[in-house]
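The values are calculated or read from the model by the stated rules, or taken from the named source; none is laboratory data. The shown structure was predicted, so the numbers you read here are calculated from the model rather than taken from an experiment. Heads up, the Cβs are rebuilt from the backbone with ideal geometry, glycines too, and the neighbour counts pull from every protein chain shown. All accessible areas refer to the heavy atoms of the entire protein, side chains included, with ligands and DNA or RNA removed. Shrake-Rupley method; radii C 1.70, N 1.55, O 1.52, S 1.80 Å.
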Amino acid sequence: HFPGAVITYAAIHVLGQVAKGKPDRLQIISSARVTKLLTAGSKVTGVELTRESGAVESLQGLVVITAGGFAGACGRGSVLARHAPGMLKFPTTNDERANGDSITLGQAVGAGTANLDKVELTPTAAVLPGQADSQFKVVVSDAVSGAGAKLLDASGKRFCNEMASSKERVDAMAKSKGPFRMVIKAKQAQSVQWLVDFYTQRKVMKKYSSASELASEMRVQASVIESALEGGDALYVAVVTSALYTCAGGLTTGSDGKVLNSTGQPIEGLFAAGEATSAPFQKLWSVSGIPLLYSICSGRTAGRTVAAALSKNGSSTQDLRDIIIGIMTKPDVVATAAIEEEKKPDEKPLEEMSKEELIAKVKDLKANGPPAAPVDDGPKGISMDEVKKHNTKEDAWLVINGDVIDVTKWIPIHPGGEQAVVAYLGQDASDEWNMIHKAGTIEKNLVPEGGNGPVLKGKLGGAAAPVAAAAAAGGNGAAAPTGLTLDDVAKHNKESDLWVVVNGRAYDVTKWLQVHPGGVQAITAYAGKDATDEWNCIHKPGTIEKNLFPGNPNGPVDMGVVSGVAPSSAPPVPIDDDKPAPDGNGGIPGILGAIIFLALNVVLMLLRTIFFTGNLVFKFENNRNGTIRSACFLLTFTIVHVAGNFVGMIKGPNEANGEGYFFDRIAWTGGLGLVKDSPLSIVEEYLALALLLHVSVALKRSWDISINYCLNTGRWNMLLSGLTILFFLTVHLADIRFSSQMKYTMLRPPPYFVAWPGVLEGRVFYETDPSIPLQRVRDLYTREVELFKDLGTCALYTTCIVVFWCHMLIGWKKLVPADALQIPKDHVKNVTYLGWIAATAIVSMYLSVVWYTYYAPPIKVENVP
């Protein structure tokens with residue numbers, strides 16, 4: 001289906017057959033990297049390569065460089081950074097193998113380069129859910145645009161001609177407002193249904209029942225989208241952006257594929273083709289299909305030139321087509337991996353033996369003892385003969401790196417098209433697979449039995465599939481050692497290929513890296529290492545299992561047991577029973593849903609109280625339920641407190657002092673009403689307990705988790721800001737609640753706690769009716785005036801309040817996605833923003849109280865003893 005992949009797979013397949021049949025004519029070396037071009041004077045004579053084992057070898061002969069472009073390496077010092085630094089801001093559709101090796105190798109022997117700043121962008125790089133910040137993007141094929149897809153901006157309107165060149169569409173994106181969406185109606189998608197289904201299954205695209213549903217998510221009028229699409233039926237939608245795609249610049253070559261030096265002269269023995277070279281038609285490069293066409297044409301040109309040079313040098317040449325025909329018409333000879341055991345003649349039953357045979361049998365038993373009982377070596381695995389039986393599209397197996405894979409349901413959705421898989425049915429496709437794919441690719445795509453993907457059936461001539469082995473072990477999920485070691489894991493230590501060990505098992509977390517709730521740094525710090533202790537300090541048991549691929553398409557991939565590593569070197573954290581937050585929008589879309597779920601779950605969190613968090617059991621634990629529930633209560637109290645302070649200072653002394661007396665008059669509730677003359681009400685006691693729990697658990701978690709990180713990782717932000725707030729609260733309580741300089745005044749408090757008749761006029765905590773008796777109360781207003789008329793005090797409070805604001809912003813971002821809060825995943829972003837808005841409002845009111853008091857003229861209050 002995908003032309004480039006089909007051509008590549010077909011070529012690799014044919015060349016693989018040639019290499020097997022004519023090893024004297026073609027040798028294929030995989031898992032190696034060319035590190036140097038060998039020269040004799042100005043002539044290139046061969047290459048130096050390093051194998052995966054570290055062994056260095058040299059090969060002599062003419063050299064053709066076809067190692068691709070450089071749009072996959074975006075780091076400092078890369079070809080892209082040196083020649084097109086403006087492109088570094090874009091994500092890329094290339095992996096790390098497109099790293100500019102062609103340029104580096106060529107320049108080392110004096111090759112010229114041209115147009116290295118000409119890097120083409122694609123406008124259809126998909127932004128996957130939860131991976132907006134991921135550097136790597138997947139390209140949505142222009143075949144979808146050809147079928148009728150439209151590109152819409154943030155307002156739901158078309159902004160370009162979808163059939164224009166990539167450059168024109170990218171330029172139009174730069175002038176428009178995103179996020180951008182590629183939208184195709186379901187009826188139009190029928191011509192490329194296989195492709196749309198492929199993208200939808202992998203969450204590249206999302207299906208909407210109508211334009212109205214999409215409009216609700218985009219917050220635009222449905223009529224706008226219907227107008228752009230000329231209809232509003234079911235839709236398939238992909239969020240897209242501009243990303244690095246192909247390189248039009250590279251090594252300079254002549255029309256015959258010979259690499260030229262900086263003066264335009266051919267370098268003898270060196271040729272190049274494809275994206276390794278500078279294309280001669282820059283303006284056409286952005287037209288769909290041209291880069292692929294150029295790679296094919298330039299490759300054929302360079303190949304013919306090399307063949308002619310070999311013939312001229314006296315080497316025997318033969319048309320590749322003749323070799324292929326000769327190879328492909330030979331009888332199919334496939335070696336079987338099954339080892340037939342030497343069969344021994346069956347022994348006669350005792351009842352059929354003669355007297356002489358029975359006597360001989362007894363003597364043999366006396367001399368040699370009874371034969372050993374047969375040893376059960378476990379499942380014998382699957383023979384190649386068995387694999388060869390499954391060679392049709394309806395029943396398709398193949399072998400990859402010793403694993404037998406059922407690809408029956410994968411064939412229709414394989415990115416490289418059906419033919420790329422069908423060509424190897426019933427065969428061992430390891431060599432061809434490894435030449436095209438990175439290690440771990442098949443493992444990342446495996447699905448359980450019955451899924452729409454490759455299914456692992458077992459080992460070739462070895463053990464049964466992991467699921468079966470686990471069942472045989474008693475169904476507890478334990479699997480036999482896979483042969484992985486920590487050295488194996490250590491090789492996977494880059495963002496583009498990252499493994500970690502947790503509780504004795506290796507996990508490929510490459511895809512999970514960008515969507516990990518704790519951020520990228522939390523994982524990369526343990527790339528290629530055992531992260532068991534750190535993981536168990538932070539996460540509850542079952543967390544990684546709950547997120548595993550394929551249940552989570554972007555989740556960790558279980559690579560197997562790591563030998564020599566203990567299953568767990570740290571005691572597990574306490575188990576809590578929080579179920580995962582629901583997917584989707586919970587049935588209520590848009591900002592309304594975000595508000596409803598935020599209010600509902602905060603109320604539920606408050607009702608659950610701080611007493612059943614799992615922290616205070618027989619020993620003090622670092623379960624973060626304690627910080628979450630206490631934080632919800634503290635935030636709620638903070639909102640009430642700041643609103644009261646703000647209104648109190650604006651409305652004057654009576655309102656401010658009345659609010660203070662509101663808490664004083666319920667002091668009898670302190671100690672559950674059992675303590676006479678309690679200095680604190682039950683509200684203040686609960687507040688103190690919540691604060692104590694929040695601080696204690698936060699300190700415990702910081703000690704267990706953050707203490708091993710450097711300051712610049714950001715892992716100390718919550719600890720340092722929290723300690724600053726704790727200092728501020730201590731100062732504030734000494735200044736106000738427990739001040740020895742507090743004065744008193746007289747006030748008419750509401751008989752029923754709140755002055756209901758005065759609520760509409762902003763009078764909540766005092767009465768004006770002279771029939772209500774006066775009560776001696778604390779003069780909080782005057783105390784605050786005394787404090788905030790001092791500029792130094794105002795500066796201190798302002799600094800601490802700003803730190804408190806930062807603490808709320810960071811903490812809220814961590815809190816919202818937590819399972820404990822149960823915010824539907826589609827609402828997480830909006831709920832985060834709502835919380836930030838509320839935090840900003842809280843801080844603004846606190847600062848207003850401080851500086852309003854500083855600048856406003858004070859009101860004289862009559863004090864009493």
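Can you go through R763, R778, R737, R748 and tell me which one is in contact with a Gly (Cβ under 6 Å, 6 or more places away or on another chain) and either at pLDDT below 90 or open to solvent by 20 Å² or more (accessible area, probe 1.4 Å) (or both)?
R778
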Given the conditions (1) crowded, with 17+ Cβ neighbours inside 10 Å; (2) modelled with pLDDT of 90 or more, every one holds for V802 apart from (1)
Counting only strands (runs of 3 or more DSSP E) entirely within segment 130-242, those with at least 2 residues that are within 28 Å of H516 (Cβ to Cβ) are 180-185, 206-208
Of those in segment 267-284 that are touching a Pro at 6+ places or on another chain (Cβ under 9 Å) and assigned to a helix (DSSP H, G or I), the residue most open to solvent (accessible area, probe 1.4 Å) is E275
- Can we say S771 is among the small types (G, A, S), at pLDDT 85 or above, open to solvent by 30 Å² or more (accessible area, probe 1.4 Å) and part of a loop (DSSP other than H, G, I, E, B)? yes
Q.
Is it the case, given these coordinates, that G257 is closer than 24 Å to V140 by Cβ, open to solvent by less than 30 Å² (accessible area, probe 1.4 Å) and in contact with a Phe, Trp or Tyr (Cβ under 9 Å, 6 or more places away or on another chain)?
A. no
Expected output for segment 491-502 (first residue at pLDDT below 90 and assigned to a strand (DSSP E or B), partner basic (K, R) and surrounded by 16 or more Cβ atoms within 10 Å (Cβ to Cβ), Cβ below 9 Å, 6+ apart or cross-chain) is none
Subset of segment 127-143, residues among the hydrophobic types (A, V, I, L, M, F, W, C), touching a residue at least 60 places away in the same chain (Cβ under 8 Å) and over 19 Å from A73 (Cα atoms), comes to V127, L128, V140
Across segment 173-193, the tally of residues that are within 19 Å of A243 (Cβ to Cβ), open to solvent by less than 70 Å² (accessible area, probe 1.4 Å) and free of Cβ contacts under 8 Å to residues at least 40 places away in the same chain stands at 1
Quick count over segment 378-409, residues being farther than 14 Å from I442 by Cα, loosely packed, with under 15 Cβ neighbours inside 10 Å and not β-branched (V, I, T), is 7
Going through segment 109-124 in order, the residues found to be under 37 Å from the mean Cα position of the chain (by Cα) and not charged (D, E, K, R) are T113, A114, N115, L116, V119, L121, T122, P123, T124
